[in-house]
Amino acid sequence: MMRQYLEMPHLERIKHPLEFWKKYKQTFPELYKINLKYLCVPATSVPSERVFSKTGQITNDRRNRLSPKNLDYIIFLNSNLNLF
């Protein structure tokens, strides 16, 4: 199975990897499960760096009395606000 996968032609850069795995789900069922797990991992640390930066902006001298719970809520909402 692995040899068959490795001998396949490479996917073009403009193609979406999840479409490939939908197409070959039955051919490579174990690889399909693994790829679903790892294709969702961001390739960079930019998203987490943005959260840390935003946290630093929110927790300044004027807001030094925010409880950790409320700070978590604010960071969560601020980080996920762009999703909608």
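The values are calculated or read from the model by the stated rules, or taken from the named source; none is laboratory data. Keep in mind that what you see is a predicted model, and the values were worked out from it rather than measured. Quick reminder, even Gly has a Cβ in these numbers, built from the backbone with ideal geometry, and neighbours come from all protein chains shown. These area figures cover heavy atoms from the full protein model, side chains too; ligands, DNA and RNA do not enter into them. Shrake-Rupley method; radii C 1.70, N 1.55, O 1.52, S 1.80 Å.
Candidates Asn35, Asn78, Asn82: the one that is modelled with pLDDT of 85 or more and part of a helix (DSSP H, G or I) is Asn35. Filtering the stretch 1-58 to residues that are open to solvent by less than 90 Å² (accessible area, probe 1.4 Å), of a type in the set (S, T, N, Q) and in contact (Cβ under 8 Å) with a residue 12 or more places away in the chain leaves Thr27, Asn35, Thr55. Among the numbered conditions (1) open to solvent by less than 90 Å² (accessible area, probe 1.4 Å); (2) modelled with pLDDT of 85 or more; (3) under 21 Å from the mean Cα position of the chain (by Cα), the only one that Ser67 does not meet is (3).
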